[in-house]
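All remarks here apply to the structure that follows.
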């Protein structure tokens, strides 16, 4: 009896410089190993100053999967601080000339997952 499987397209965020994939958020630390805090968005915030988050990339851990290119673009825009969607619409020559060096480090990669029943 032949087993059936499905293929499903998903998207990953890849850091071109390190070759790692986005696995989630980590807390930023200074040179002494203490967490870096930023002022709260609202002055009446009563929990203290929030800790700064930074993206974490790894080649060993399982990466975060996104259902659409737009979802991955939104996350890249969050940790870079500018619109990845505008950068992605430029052709390769324009990306070199007008693109941001922070944005060119990241690439959205399409992958196919093979979904197979166990057993």
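Read-outs: derived from the displayed coordinates by stated rules, not from any lab. What you see is a predicted model; the values in this text were computed from it and never measured. Here the Cβ is made from the backbone with ideal geometry for all residues, glycine too, and neighbour counts use every protein chain on show.
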Go through the range 89-116 and give me each residue that's in contact with a strand residue (DSSP E or B) (Cβ under 8 Å, 6 or more places away or on another chain) and not in a strand (DSSP E or B). 105
For the range 26-42, state whether one or more residues are closer than 19 Å to residue 77 by Cα, in a loop (DSSP other than H, G, I, E, B) and touching a strand residue (DSSP E or B) at 6+ places or on another chain (Cβ under 6 Å). yes
Quick check: is even one residue across the range 69-91 under 16 Å from residue 9 (Cβ atoms), touching a residue at least 40 places away in the same chain (Cβ under 8 Å) and exposed (fewer than 13 other Cβ atoms within 10 Å of the Cβ)? no
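Does residue 58 satisfy being touching a strand residue (DSSP E or B) at 6+ places or on another chain (Cβ under 8 Å), closer than 16 Å to residue 20 by Cβ and surrounded by 12 or more Cβ atoms within 10 Å (Cβ to Cβ)?
Taking the combined requirement at face value, the residue satisfies it.
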